[in-house]
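The structure appears below as structure tokens.
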């Protein structure tokens, strides 16, 4: 089971600082130990400021590979694209990166099942077929409905264990477009998982996420099964 820690931030700036500092340290440690760091990024507004702070760090940028936790079924130019948001916040189009260091999910594909298989092949090529896909650091959020990544309540995607990447069908009744997401086993393998949440609306779902119960009802409970270090970075309003 994971080693769990909680950091309570006094404001948005401190929350972003905590996250950026932990990401920076994990990246530096991985580069020093193995010559490469592999990072899985979540979208949304909450991690954006942390990414912008991280962009100013003196990292070995050419030794970092960037992946995505999930992506909506939209083109990379869309305002709803997790890829577009994270690239803009991190300045990945301006960083001194070698070719092939930024690995986006092709959410705009007309065949998302094939796109999921393609991303799985990419992960296997990067990590090695015989090795676990173990990111050095991963950022996650928690939705008001208890989802994390794009593992949503009532869809059973959280129980998929035979794939690295899952095609998540659209849910028109919930106004959710189709998505691609890393599977639960990949989330649980990461060396460092940073869970970012803020606002009073998150308090009750954070209590559920950290309590025993159904994964179908609250998929973010899968974080309890993480094998690495988990740091919950919360503001005071969200803290249970």
*Taking the range 15-51 as the search range and keeping residues that are in contact (Cβ under 8 Å) with a residue 40 or more places away in the chain and more than 17 Å from the chain's Cα centre (by Cα), which one is surrounded by the fewest Cβ atoms within 10 Å (Cβ to Cβ)?*
29
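Where in the range 97-211 are the strands (runs of 3 or more DSSP E), entirely inside, with at least 2 residues that are farther than 18 Å from residue 228 by Cα?
Working: elements: 137-140, 165-168, 179-182, 192-197.
In the range 97-211, 165-168, 179-182 are the strands (runs of 3 or more DSSP E) which contain 2 or more residues that are farther than 18 Å from residue 228 by Cα.
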_Of the criteria (1) at pLDDT 95 or above; (2) on the phi > 0 side of the Ramachandran plot; (3) surrounded by fewer than 21 Cβ atoms within 10 Å (Cβ to Cβ), which one residue 149 fails_ = (3)
*Scanning for something at pLDDT 95 or above, surrounded by fewer than 17 Cβ atoms within 10 Å (Cβ to Cβ) and closer than 18 Å to residue 3 by Cβ, does the range 201-222 turn up at least one residue?*
no
_All positions within the range 211-226 that are out of contact with any helix residue (DSSP H, G or I) (no Cβ under 6 Å at 6 or more places or on another chain) and in contact (Cβ under 8 Å) with a residue 40 or more places away in the chain_ = 216, 217, 223, 224
*Return the total of residues in the range 152-170 being crowded, with 23+ Cβ neighbours inside 10 Å and closer than 18 Å to residue 38 by Cβ.*
1
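Name the residues in the range 171-200 that are over 21 Å from residue 45 (Cβ atoms) and surrounded by 14 or more Cβ atoms within 10 Å (Cβ to Cβ), would you?
171, 178, 183, 184, 185, 186, 188, 189, 190, 191, 192
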*Which numbered condition residue 227 fails, given (1) surrounded by fewer than 24 Cβ atoms within 10 Å (Cβ to Cβ); (2) modelled with pLDDT of 95 or more; (3) within 25 Å of residue 104 (Cβ to Cβ)*: (3)
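The values are calculated or read from the model by the stated rules, or taken from the named source; none is laboratory data. Remember, it's a predicted structure, so these values are computed and weren't measured experimentally. No Cβ is skipped: glycine too gets one built from the backbone with ideal geometry, and neighbour counts run over all protein chains shown.
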